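First comes the structure, then the notes that go with it.
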Amino acid sequence: MYLQVLINNGDIVMQTNSVRPGEGLQTAKMPGHWVLARLGKRVLRPGGMELTRRMLQALRINHTDDVVEFAPGMGVTARLTINQKPFSYTAVERDQAAAKIVSSYLEGDRQRCVVGNATETGLPDASASVVYGEAMLTMQTDETKRAIIREAHRLLKSGGRYAIHEMCLLSDNVDPERRKETEQALTGVVHHGVRPLTITEWCKLLVLEGFEVESIHQASMSLLEPRRLINDEGFVGALRFAWNLLRDSEARQRVHEMRKVFRQHRMELAAVTVIAVKH
Ligand SMILES: C[S@@+](CC[C@H](N)C(=O)[O-])C[C@H]1O[C@@H](n2cnc3c(N)ncnc32)[C@H](O)[C@@H]1O
């Protein structure tokens, strides 16, 4: 059981939650996103809330939309989407504990979060008008990235919109050796595969699976920088994160290592959201 402090329309809401992603795993071995979630961080995508808002603006979700979100994590974007009052909202999350947290934000039979894999959701063909996923493709192999994008294409009706929000490499002419070093450094501290593509490569993958790219927006990769932490988590959330860091030396070490590598590679890395359409 743990205490979750949420800010809802300016009110501070406290709720107890008996599930935590990464439960049962040692902090030293846990994927970085669950270390951050355990410390109270809810926004786990590289471009933060600013890029998420841009993505949602470009998606123009309205009351007629059937929305599918891949990998909602702690449910932060799920709640923004629900506020747009789409006709239906379905999330597909691989982690059971995260799915339980997201489900606690959903109401009625047109909003649900299923435990499943975004490569094979089991949802019907052409059942969605919007599909999006954040910080969930970069961690996959090239083959799985393609399988997930293909699944988004299968789920969408003609004219449907698909958005990704991922880490990217800034230069189109990255030296392969340097690229390998960057991937190894990131994977080494995150303890999970981290394979960012260039913006051109992300767009190519989308086009290969039948999408047309509509718009692209970029932000810096500042996930663990103080200013971004306050922007993403709010002042109280950032304080809670700092307080939890102070009390947990193992997690502090992990965060320190991640931030160090993100900073070392800051000239090469960024965050990108790409909005694509199925014709
Ligand atoms: C870095 S977190 C991002 C969470 C959230 N989208 C965010 O941006 O804050 C990665 C999430 O992807 C989920 N995930 C990874 N691979 C997945 C897959 N193949 N299908 C569904 N969920 C997946 C993980 O369980 C985790 O919740």
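Across the stretch 76-142, counting alpha-carbon atoms alone, Rg and Dmax equal 12.1, 37 Å.
Equivalent ellipsoid of the chain: semi-axes from √(5λ) of the C-alpha gyration tensor, largest first, are 27, 25, 16 Å.
Which three semi-axes in whole Å describe the equivalent ellipsoid of the stretch 158-279, each the square root of 5 times a Cα gyration tensor eigenvalue, listed largest first?
With the √(5λ) rule applied to the stretch 158-279, the semi-axes are 30, 19, 11 Å.
In angstrom, the C-alpha Rg and Dmax of the stretch 89-183 are 15.7, 51.
Along the stretch 84-101 the Karplus relation, 6.51 cos²θ - 1.76 cosθ + 1.60 evaluated at θ = phi - 60°, assigns HN-Hα couplings of 7, 6, x, 4, 8, 9, 10, 10, 10, 10, 6, 8, 4, 5, 5, 4, 5, 5 Hz to successive residues, with x for each Gly and Pro.
Per residue, the convex hull around the alpha carbon atoms of the stretch 221-279 comes to 116 Å³. Near the amide H of Ala126, within less than 5 Å, lie the amide hydrogens of Leu155, Leu156, all on another chain or at least 5 residues away, with H placed in the peptide plane. Taking the charge dipole of the chain about its Cα centre, with +1 at Lys and Arg Cβ atoms and -1 at Asp and Glu Cβ atoms, the residue from Tyr105, Ser129, Ala91 reaching farthest to the positive side is Tyr105. Over all Cα atoms in the stretch 133-181, the spread is summed up by Rg and Dmax: 13.6, 41 Å. Here is the P(r) of the stretch 186-226: all C-alpha pair distances, binned every 10 Å from 0, give 22, 39, 31, 8 in whole percents.
When the scattering of the stretch 13-93 is computed by the Debye formula from its Cα atoms alone, each counted once and equally, what is log10 I(q)/I(0) at q = 0.13, 0.20, 0.25 Å⁻¹? Those come out to -0.50, -0.99, -1.25, one per q. Across the stretch 26-158 the C-alpha pair distances fall into 10 Å bins from zero in the proportions 12, 44, 37, 7, 0 percent.
Potential lengthening of the chain between Gln26 and Leu239 amounts to 74.3 nm, from the contour at 0.36 nm per residue minus the alpha-carbon distance.
If you average 1/r over all unlike Cα pairs in the stretch 61-107 and invert the result, what Kirkwood radius do you get in angstrom? It would help to have the intermediate numbers written out before the result.
Working: mean 1/r = 0.0949 Å⁻¹.
After inverting the pairwise mean of 1/r, the radius is 10.5 Å.
Quick note: the coordinates plus some simple rules give every number you see, no bench work behind them. Keep in mind it's a predicted model, so treat the numbers as computed, not measured. Methodologically, a virtual Cβ is constructed for each residue, glycine included, from the backbone with ideal geometry; neighbour enumeration extends over all protein chains shown.
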